[in-house]
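*Asks:* Here it is, the structure, as structure tokens.
Computed from the coordinates by the stated procedures, all read-outs in this text should not be read as laboratory data. Note that this is a predicted model, so its numbers are computed, not measured. Cβ: placed from backbone, ideal geometry, glycine included. Neighbour counts: every protein chain shown.
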Amino acid sequence: MRRTDQRRAAVVALYQHDVTGRPLEELVERRATPFTRELVEGVARERPRLDELIERHAVGWTLARIAPLERSILRVALYELLEREDIPAEVAIDEAVEAAKELCGVDAPGFINGILGAVQREALARR
């Protein structure tokens, strides 16, 4: 299974959790790959930090105002940017933008790209 599909599976499970409040254990398919499970568990564990980054860089937007699907895409991409050294930042950002093009409204890809780019620039400035 392609990593793109594994990321999408993680986004969908996190989105469903965000919207319904159902436990993530019920929403992640039994046959989900270890990568999908890591993304879901990592986002759940790091969610406060990820959400703080989203709010800080989403100028003029509160977290609650961002659509749940876009929040889930951002959380997965941020987790990859911050926690997975084996995944180039450009790949995490591109995957998120492509997911937004496929799954969200017309303005979502640019919005997501802007937030992720700002986080990446901030991380690079700290190094």
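*Asks:* How do Thr36, Thr20 rank when sorted from fewest to most other Cβ atoms within 10 Å of their own Cβ? Walk me through the numbers on the way to the answer.
*Replies:* Values: Thr36 24, Thr20 11.
Exposure proxy ranking, most exposed first: Thr20, Thr36.
*Asks:* With an 8 Å Cα cut-off and a minimum separation of 6 or more residues, compute the relative contact order for segment 20-118 in percent. Before the final figure, lay out the partial values.
*Replies:* Working: 69 pairs, mean separation 23.2, N = 99.
Across segment 20-118, relative contact order equals 23 percent.
*Asks:* Further, regarding this structure: For labels at Glu41 and Val106 in the simple 7 Å Cα→Cβ model, what's the distance in nm?
*Replies:* 4.2
*Asks:* Looking at the square roots a ≥ b ≥ c of the eigenvalues of the Cα gyration tensor of segment 25-78, which shape do they give, rounded for a/c under 1.5, prolate if a/b is larger than b/c, or oblate? It would help to have the intermediate numbers written out before the result.
*Replies:* Details: a/c = 2.95, a/b = 2.19, b/c = 1.35.
Prolate shape, in that a/c is at least 1.5 and a/b is the bigger ratio.
*Asks:* Please determine, in degrees from 0 to 90 and to the nearest 10, the orientation of helix 108-126 with respect to the longest principal axis defined by the Cα atoms of the chain, where the helix direction is its Cα long axis.
*Replies:* Roughly 70 degrees between the two axes.
*Asks:* Can you tell me the orientation of helix 34-57 relative to the chain, as the angle in degrees between its alpha-carbon axis and the longest Cα principal axis, to the nearest 10?
*Replies:* 30
*Asks:* Then there's this: Going by alpha carbons, how many degrees (0 to 90, nearest 10) lie between the helix axis of 3-20 and the longest principal axis of the chain?
*Replies:* In the chain, helix 3-20 runs at an angle near 90 degrees to the longest axis.
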